[in-house]
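So the structure is just underneath, and the comments pick up after that.
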Amino acid sequence: MSDTNPIELQKALKGAHYPASKDDLVSCAEGNHADSGMRDKISGIPSKSYENPAEVEKAVFKNR
């Protein structure tokens, strides 16, 4: 598994349209061929609407 960092998160979510649900973000990561570790991180965020990439990043990395 590659190191999970904000740059990898940005690559995984390239092209995401906001606001986005968690499911939208997971689908986007799958479409961008993100590795399973990154997909798992995105899958683990709370189910809500995210207004922008910064909100997603905060949710993904809150437990670092």
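The values are calculated or read from the model by the stated rules, or taken from the named source; none is laboratory data. Every value quoted in this text rests on a predicted model; they were computed, and no experiment measured them. Note that each Cβ is placed from the backbone with ideal geometry, even for glycine, and that neighbours are counted across all protein chains shown. All accessible areas refer to the heavy atoms of the entire protein, side chains included, with ligands and DNA or RNA removed. Shrake-Rupley method; radii C 1.70, N 1.55, O 1.52, S 1.80 Å.
Between residue 5 and residue 58, what length comes free when the chain is fully extended (0.36 nm per residue of separation minus the Cα-Cα distance, one decimal in nm)?
17.9 nm
List the relative contact order of the chain as a percent without decimals, with contacts defined as Cα pairs under 8 Å and 6+ residues apart. Intermediate results must be reported in sequence, preceding the final value.
Values: 70 pairs, mean separation 23.4, N = 64.
Once divided by the residue count of the chain, the mean separation gives 37 percent.
Which ³J(HN,Hα) values, rounded to whole Hz and listed in residue order, are derived for the range 14-27 from phi using the Karplus coefficients 6.51, -1.76 and 1.60 in 6.51 cos²θ - 1.76 cosθ + 1.60 with θ = phi - 60°, glycine and proline given as x?
Those phi angles translate into 4, x, 5, 9, 10, x, 9, 7, 4, 4, 4, 5, 4, 4 Hz.
Per residue, how much accessible surface does the chain expose to a 1.4 Å probe? Answer in Å², no decimals. Walk me through the intermediate numbers first.
Values: 4090 Å² over 64 residues.
Per-residue value: 64 Å².
Grab the DSSP H runs of the chain that are 4 residues or longer, score each as -39,500 (n - 2.57), total them, divide by all residues and round the 222 nm result to the nearest 500 deg cm²/dmol. Working shown, then result.
Details: 4 runs with 34 residues, N = 64.
For the chain, the value works out to -14500 deg cm²/dmol.
Just to be sure I understand the model, the point goes 7 Å from the Cα along the line to the Cβ. What's the resulting residue 49 to residue 24 distance in nm?
0.8
How big is the equivalent ellipsoid of the chain along its three axes, where each semi-axis is √(5λ) from the Cα gyration tensor, reported in whole Å from largest to smallest?
On the way: eigenvalues 48, 34, 21 Å².
Sorted largest first and rounded, they come to 15, 13, 10 Å.
Kindly rank 14-22, 50-58 from highest to lowest mean number of other beta carbons found within 10 Å of each residue. The partial results should precede the final answer.
Details: 14-22: 13.6, 50-58: 15.2.
Most protected by this proxy first, the peptides run 50-58, 14-22.
Each residue of the range 52-57 in turn: what ³J(HN,Hα) in whole Hz from Karplus with 6.51, -1.76, 1.60 and θ = phi - 60°, glycine and Pro shown as x?
6, x, 4, 5, 5, 4
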